[in-house]
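Where a number appears in this text, it was derived from the coordinates with a stated rule and is not lab data. Please read all numbers here as calculations on a predicted model, not as lab measurements. Note that each Cβ is placed from the backbone with ideal geometry, even for glycine, and that neighbours are counted across all protein chains shown.
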Amino acid sequence: MVTALFQLLDILVGLYKWAVILAAVFSILSAFGVLDTRNRLVWTIGDFLYRITEPALRPIRNFLPNFGGIDISPMILLIILVVVQYTILPKLYAAITLGQVQPLLL
């Protein structure tokens, strides 16, 4: 049961990484006018990506200084997600299932 839960968590973090990447690409393409946001399907996809990524990106944007129109918050969020997926989750899984207590970020 615990293994299935951690596999599901790993899949969800991986899917969220792709959502952040897609939202960043969508934002760039719509800013340069490549995508027509007046199209209902394009607007719906953009709105969905915005709604699922903005709650995680907003605190990072509030913390970062203004870089003059360059938004690096998706890159920082991706770094955080990679750290969680490849270091924290496996160590937490080992601590729960095997009883191996290790520092999470070392």
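General observations
- Estimated [θ] at 222 nm from DSSP helical runs (n ≥ 4, -39500 (n - 2.57)) normalised by residues in the chain, nearest 500: -23500 deg cm²/dmol
- Each Lys and Arg contributes +1 and each Asp and Glu -1, all at the Cβ; summed about the Cα centre of region 2-97, the dipole is approximately 80 debye.
- The chain: angle of helix 40-63 to the longest principal axis, Cα-based, in degrees nearest 10: 60 degrees
- Among 15-26, 66-77, the peptide with the highest mean count of other Cβ atoms within 10 Å heads the list, and the full ranking is 15-26, 66-77.
- Positive minus negative residues near residue 43 (Lys, Arg vs Asp, Glu; Cβ under 15 Å): +1
- Radius ratio Rg over Rh of region 18-106, counting only Cα atoms, Kirkwood formula for Rh: 1.13
- Total formal charge among the other residues, if their Cβ is under 15 angstrom from that of residue 23, Lys/Arg +1 and Asp/Glu -1: +1
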